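> Quick one: the structure is below, and I'll ask about it shortly.
Any read-out appearing in this document is the output of simple, stated calculations on the displayed coordinates, not a laboratory observation. Only a predicted model underlies this, so the values are computations on that prediction, with no experimental measurement involved. Here the Cβ positions follow ideal geometry from the backbone for every residue, glycine too, while neighbour counts run over all protein chains shown.
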Amino acid sequence: MPVEIYLRLSPLMSKQHQKNAQKMSKALSRAEEITKIFEFFVKEEWIYECRNFKKLWDFLTAEERKEYLIDIAEIDIRKFVQINNYGIQKYILK
């Protein structure tokens, strides 16, 4: 890997290069660790059933549906993923 080469050559370079090589090595190790942690969740297919939610939704009146705003079709998936990624970065990758 380029990071390993850089790390091995860094003693021949300046102190700044040595620091950078150490940081890159640490970042690579962390990335590998995180990859292992999430591997199972990323490689599998996940389908969530929500039969009870659908039953509840069908049970609500039109007025209650407007009041509670729980229509799954209205979820902004891009925004959901963005918020989810922020949470992962802030609380898991810290």
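> Hey, rough spin-label estimate for Asp76 and Tyr91, points 7 angstrom out along Cα→Cβ, what's it come to in nanometres?
2.1
> Within the chain, what is the number of lysine pairs with alpha carbons under 24 Å apart, leaving out pairs fewer than eight places apart on the same chain?
The result is 20.
> Read through the labelled values [x] -0.31, -0.57, -0.64, -0.91; [y] -0.27, -0.52, -0.59, -0.88; [z] -0.54, -0.77, -0.83, -1.03 and report the label of the one computed as log10 I(q)/I(0) by the Debye sum over Cα atoms at q = 0.10, 0.14, 0.15, 0.19 Å⁻¹ from the structure.
Working out log10 I(q)/I(0) by the Debye sum over Cα atoms at q = 0.10, 0.14, 0.15, 0.19 Å⁻¹ from the coordinates points to [z].
> If I model a spin label at Ile5 and Glu49 as a point 7 Å from the Cα along the Cα→Cβ vector, what separation in nanometres do I get?
Going by the 7 Å Cα→Cβ label model, 5.2 nm.
> Something else about it: What residue among Ile37, Ile72, Ile47 has the largest mean-square fluctuation in a Gaussian network model of the chain, using Cα springs under 10 Å?
Among Ile37, Ile72, Ile47, the largest mean-square fluctuation in the Gaussian network model of the chain belongs to Ile47.
> Within the stretch 31-61, which chymotrypsin sites (Phe, Trp or Tyr not before Pro) sit in a loop by DSSP and count at most 13 neighbouring Cβ atoms inside 10 Å?
Answer in residue order: Trp46, Tyr48.
> Taking θ = phi - 60°, what integer Hz values does the Karplus form 6.51 cos²θ - 1.76 cosθ + 1.60 yield along the stretch 60-65, in sequence order, with x for Gly and Pro?
Working through the residues one at a time gives 6, 6, 4, 5, 5, 4 Hz.
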